[in-house]
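The values are calculated or read from the model by the stated rules, or taken from the named source; none is laboratory data. None of these values were measured; they are calculated from a predicted model. Positions of Cβ are backbone-derived with ideal geometry, glycine not excepted, and every protein chain shown enters the neighbour counts.
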Amino acid sequence: MNRREFLHAFTRYSIAAGAGFLLRRPPLLYAQQNGETYDMAAVMGGRPAGMFDIGIKALGGMGRFVKKGQVVLIKPNASWNVEPEIGATTTPALVERIVEHCAQAGASKIYIVDHTIDNWKLAFDTTRIKQAGEQGGGRVIPGSSKGYFHKAVVPGAKALKNVMVHEMVLEADVVINVPVLKHHGSTTITCALKNLMGLVWDRWYYHSNDLHRCIAEFALLRTPTLNVVDAHTVMMSGGPRGSSHRSSLKVKKMQIISPDIVAADAAAAATWGTEADKIRYITIADELGIGTKDLDSLKIKRIRV
Amino acid sequence: MNRPGYLILKVLRIVVAAAVLVLFYVSLSLTGPVYSGILKVLTRLQFFPSLINVVLSGGGWFSAGFLPVALLTVLFGRLYCSVLCPLGIIQDVVIFISGKKRHRKYSFSSSGARLHGTIAIASLIGLLLGLPFLFGFLEPYAFWGRMYRDLILPVSAGVSEGAVLILKEFDLFLAPLPFMGEIGAVLLTAVSALLFVLLTYVYGRWFCNRLCPTGAVLRLLSLRPLGGIEFNKELCTKCGVCAHVCPAGCIDVTAQCIEHNRCVLCFECTERCPFGAVDFTLMRGASKRRFSKGRGEGRIDPDRRKAVMVSLGSLGAAGGLGLTGFGLSALTSCNSNYKPSDSPLPEQQKNTSDLDKAGRAVIPPGSKNVRWYTARCISCHTCVSACPTHVLQPSFFALGVSGFLQPVMDYKRGYCEWECNRCSQICPTGAIESIALEEKKRIQMGTVQFDKDRCVVFTEGTDCGACAEVCPSQAVRMVPYKDGLTQPATEPEICSGCGSCEYACPVSLPKAIVVKPHSTHQVRSERTPQQILPEEEVPEEFPF
């Protein structure tokens, strides 16, 4: 490692560490319009972009999570080379709206990253997330080129001790996780915690080293600042890719927004029709203290549109 | 320098050649419909790839770029070799460098017809017998294609990796050109390319007139071109400048004669002749008499005769190519129960066990069966360069000796993208037949085979599901096992053999789930696709 590399790495990790410290728990001092701070907003009955407008307002606006001049990383689910209507990927309009909110809050740069399973270029085009994200003012940056991934140590991990992670995870001030809720053949559902698998280089390592534990432990490296669960059109079977003869979709018109990733997943599990306790990665994440699966302990704003 | 008119012709040649080379480079490196289109046009103009495509693969007249090339050659000689053939253009680059460095003078050389003829006939007979190894090794487009994929692409990839790292500092995020692959093929190409460059550096266009099968056929077509370069004996002082600058060694100053079957119209001699004694003539009628006088001196007669024999031999072989081709295609289409033009009849075309002989390696979608494929693929590796997932990799003996260097699906390195048929669209010889995307999705290249004893779910007792997650046809799906775990269940009839599961399977080799290759591609059964109608089910109450 030469001097330049050292300085680079040093800056990178200091920023990440600093950001992590500052943003892990959003400061509760932040005053809300109505004087109350919610841990979660759940919206029902609208379209994804519109529900986000309402939900984020209830949480105190994007300004609570994104400060002026900050670099934002948005992690949608763009993993498959399929049309957004299949329900396998995040609704493009939602990504666009989140980018717009970040820009309004004064974010200096908004990057959209996913290490897709299908070909990166094809997947971002077909899911229309590239187009939508760029319309909002964000930038889609390569998520499938090894040069952008760096090794990081996951503190306190047992299965995922270190991981090759996209450099934006270490560099960005704010991470916004935008999963789509859907069925998954082996983990029953995939949502917020599992969506972060798209930020690592070697996802197959997870599969051979206790998938559930790896999924949970990644959040020890970097917990997203905010999670926006797209549960408008929910895949109930045939997931995660979706298929023409085995998928069924239910339009639930829901959205869950929370800075607590475990709570977001717990609410998502209930929305899908199962329980958080039945999804092993949610219980592990809860035990690790990444967040709480106990929704009763949280202040939730439930809004019907 | 002495003759501005010819300088213009020479510069024109260089400009066209450079444009062709640059377009080849760009269209092979970048993806998108425009680049695919350019690549398609360029490869359709390559003599043998196009000939094989039309004659052996039944590629239709759109692919018949060899016809205008042949016509051009009959009219004006081997212009093809200096402006359309990428390997010829590379030779000119090497010759240019060699001229700058060595100030070497070329001289008239013997026609080399015996060696050239033997090699050309041997390689063409191999092609006719369905063993295109020697042919593919020497065919200039294939040679260039391998040079691009094995030598140029890794360099571009390395440079772009570096450029990406620098551009990142300026807030520009680009994806570098990817290169992934079989290092053995890289070594082999490196050795053969080094030999080729050395030969060219020292002897000029030696390859074209000793080893190149295309060169051999074009030599016959250009024995008496209508237009060509001629001596003006009144002006010639036999100073020898023309012969010294001729990289093809085809100018005999003593006899004041040019062997047109080796001349590639590079216009070096015409431009350099201090007396204006070599001229390009569009209608060589007038000079013909002078030419026959030259023959009278008895200097080139034996060489010419040899050249005629050789070329006739090659052309005969090329003709045989046609006949065998039709025979072969009739034969193979009898054996192939996959007919792309047919409408899907899954019930009738179901895998029949006697035809479903296991292949040795999975061959790309559109290549029908191993026999069809190995007989037509000249190992140009265009598909290997173009494959977005790098699943197509050069093989050595995976398809047997006759399949040496031909690309196969390597599921350790990639998987066949469901929404992609690029290899079939760009294959220059039609070894991978051009098929529409919907047809491609119906092909079964092999079938899934699951080995419980290697699977993570059974060996580790943890959830995995990587194979089912990626399966585009749902031939692999997860079903309940025990303790809340799920296990893979396979349905080989609907499997396309795309290898997504094999690629994704996280266990070390051998993988727990693999594709068993078909030697003859089948039509996979398809579950009737249901229209996925999203049911509206907005909950009454918040479920949490």
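Take the conditions on the phi < 0 side of the Ramachandran plot, within 11 Å of chain A (Cβ to nearest Cβ) and touching a residue at least 60 places away in the same chain (Cβ under 8 Å) and apply them to B:Tyr411. Does it pass?
no
Residue-by-condition table, conditions (1) of a type in the set (Phe, Trp, Tyr); (2) in contact with a Phe, Trp or Tyr (Cβ under 7 Å, 6 or more places away or on another chain); (3) within 26 Å of B:Lys368 (Cα to Cα):
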position: B:Leu28; (1), (2), (3): no, yes, yes
position: B:Val34; (1), (2), (3): no, no, no
position: B:Leu39; (1), (2), (3): no, no, yes
position: B:Leu45; (1), (2), (3): no, no, yes
position: B:Pro68; (1), (2), (3): no, no, no
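Looking at region A:79-90, can you tell me whether even one residue there is part of a helix (DSSP H, G or I), away from chain B (no Cβ under 14 Å) and surrounded by fewer than 24 Cβ atoms within 10 Å (Cβ to Cβ)?
No, region A:79-90 has no match at all.
Does region A:117-133 hold any residues that are touching a residue at least 40 places away in the same chain (Cβ under 8 Å) and within 7 Å of another protein chain (Cβ to nearest Cβ), and which are they?
Within region A:117-133, A:Ile117, A:Leu122 qualify.
Being under 11 Å from B:Leu218 (Cβ atoms) and of a type outside the set (Phe, Trp, Tyr) is the filter here, so list the residues in region B:53-81 that pass it.
B:Val69, B:Ala70, B:Leu72, B:Thr73, B:Val74, B:Gly77, B:Arg78, B:Leu79, B:Cys81
With region A:207-305 as the region, which helices (runs of 4 or more DSSP H) entirely inside it contain at least 2 residues that are touching a strand residue (DSSP E or B) at 6+ places or on another chain (Cβ under 9 Å) and buried (at least 24 other Cβ atoms within 10 Å of the Cβ)?
Where helices (runs of 4 or more DSSP H) fall fully within region A:207-305 and carry at least 2 residues being touching a strand residue (DSSP E or B) at 6+ places or on another chain (Cβ under 9 Å) and buried (at least 24 other Cβ atoms within 10 Å of the Cβ), they are A:211-221, A:261-272.
Of all residues in region B:46-68, which are free of Cβ contacts under 8 Å to residues at least 40 places away in the same chain and surrounded by fewer than 19 Cβ atoms within 10 Å (Cβ to Cβ)?
Selection gives B:Gly60, B:Trp61, B:Phe62, B:Ala64, B:Leu67, B:Pro68.
List every residue pair whose Cβ atoms lie under 9 Å apart, where the two residues are 6 or more positions apart in sequence or sit on different chains, the first residue falls within region A:203-218 and is more than 7 Å from every other protein chain (Cβ to nearest Cβ), and the second residue, located anywhere, is in a helix (DSSP H, G or I) and among the acidic types (Asp, Glu).
What qualifies is A:Ala216/A:Asp286; A:Ala216/A:Glu287.
Taking the stated definitions as given, is B:Val479 under 24 Å from B:Gln444 (Cβ atoms) and more than 12 Å from chain A (Cβ to nearest Cβ)?
No; evaluated as a whole, the condition is false for this residue.
Can you report the number of residues in region A:39-56 which are over 13 Å from A:Leu226 (Cα atoms), of a type outside the set (Lys, Arg) and touching a residue at least 60 places away in the same chain (Cβ under 8 Å)?
Within region A:39-56, residues that are over 13 Å from A:Leu226 (Cα atoms), of a type outside the set (Lys, Arg) and touching a residue at least 60 places away in the same chain (Cβ under 8 Å) number 9.
Inside region A:134-155, can you point out the residues that are at the interface with chain B (Cβ under 7 Å from one of its Cβ atoms) and among the hydrophobic types (A, V, I, L, M, F, W, C)?
Hit for region A:134-155 is A:Ile141, nothing else.
Residue pairs, Cβ under 7 Å, 6 or more apart or interchain, first in region B:443-472 and more than 14 Å from chain A (Cβ to nearest Cβ) and on the phi < 0 side of the Ramachandran plot, second hydroxyl-bearing (Ser, Thr, Tyr) and buried (at least 24 other Cβ atoms within 10 Å of the Cβ). List them.
Partner pairs satisfying both residue conditions: B:Ile443/B:Ser496; B:Gln444/B:Ser496; B:Met445/B:Ser496.
Tell me the residue from B:Gly65, B:Gly59, B:Gly136, B:Gly145 that is modelled with pLDDT of 95 or more and within 18 Å of the chain's Cα centre (by Cα), please.
After ruling out the rest, the residue left standing is B:Gly145.
Identify, please: which residue in region A:171-196 is part of a helix (DSSP H, G or I) and surrounded by 22 or more Cβ atoms within 10 Å (Cβ to Cβ) and is, among those, nearest to the other protein chains (Cβ to nearest Cβ)?
Result: A:Lys194.
Is there a residue in region B:262-273 that is assigned to a helix (DSSP H, G or I), surrounded by fewer than 23 Cβ atoms within 10 Å (Cβ to Cβ), in contact with a Leu (Cβ under 7 Å, 6 or more places away or on another chain) and touching a residue at least 12 places away in the same chain (Cβ under 8 Å)?
Yes; the residues of region B:262-273 include at least one that is assigned to a helix (DSSP H, G or I), surrounded by fewer than 23 Cβ atoms within 10 Å (Cβ to Cβ), in contact with a Leu (Cβ under 7 Å, 6 or more places away or on another chain) and touching a residue at least 12 places away in the same chain (Cβ under 8 Å).
Go through region B:168-191 and report how many residues are out of contact with any Pro (no Cβ under 9 Å at 6 or more places or on another chain) and within 11 Å of chain A (Cβ to nearest Cβ).
Adding up the residues that qualify gives 6.
Starting from residues that are among the charged types (D, E, K, R) and part of a helix (DSSP H, G or I), keep the ones in region B:492-544 and report whichever is modelled with the highest pLDDT.
Among them, the one singled out is B:Glu502.
Could you tell me whether any residue of region B:56-64 is closer than 21 Å to B:Asn209 by Cα and part of a helix (DSSP H, G or I)?
no
Quick check on region A:227-279: of everything there that is among the hydroxyl-bearing types (Ser, Thr, Tyr) and at the interface with chain B (Cβ under 9 Å from one of its Cβ atoms), which residue is farthest from A:His212 (Cα to Cα)?
Within region A:227-279, the match that is farthest from A:His212 (Cα to Cα) is A:Ser244.
Here is a list of conditions, (1) of a type outside the set (Asp, Glu); (2) over 26 Å from A:Glu83 (Cβ atoms); (3) out of contact with any Lys or Arg (no Cβ under 6 Å at 6 or more places or on another chain), and A:Val169 meets all of them except one; can you say which number that is?
(3)
If I ask for residues that are touching a strand residue (DSSP E or B) at 6+ places or on another chain (Cβ under 6 Å) and in contact (Cβ under 8 Å) with a residue 60 or more places away in the chain, which ones from region B:232-249 would you list?
Across region B:232-249, the qualifying residue is only B:Ala243.
Against the conditions (1) within 30 Å of B:Cys416 (Cβ to Cβ); (2) within 14 Å of chain B (Cβ to nearest Cβ); (3) hydroxyl-bearing (Ser, Thr, Tyr), where does A:Ser108 fall short? Just the number, please.
(1)
Give the residues of region A:142-167 that are among the small types (Gly, Ala, Ser), part of a loop (DSSP other than H, G, I, E, B) and over 19 Å from the mean Cα position of the chain (by Cα), sorted by residue number.
Within region A:142-167, A:Ser145, A:Gly156, A:Ala157, A:Ala159 qualify.
For region B:520-544, which positions are farther than 24 Å from A:Arg246 by Cβ, more than 7 Å from chain A (Cβ to nearest Cβ) and surrounded by fewer than 20 Cβ atoms within 10 Å (Cβ to Cβ)?
Of everything in region B:520-544, those that are farther than 24 Å from A:Arg246 by Cβ, more than 7 Å from chain A (Cβ to nearest Cβ) and surrounded by fewer than 20 Cβ atoms within 10 Å (Cβ to Cβ) turn out to be B:Glu540, B:Glu541.
If you go through region A:264-290 one residue at a time, how many are touching a helix residue (DSSP H, G or I) at 6+ places or on another chain (Cβ under 8 Å) and within 13 Å of A:Cys191 (Cβ to Cβ)?
Total satisfying the criteria: 12.
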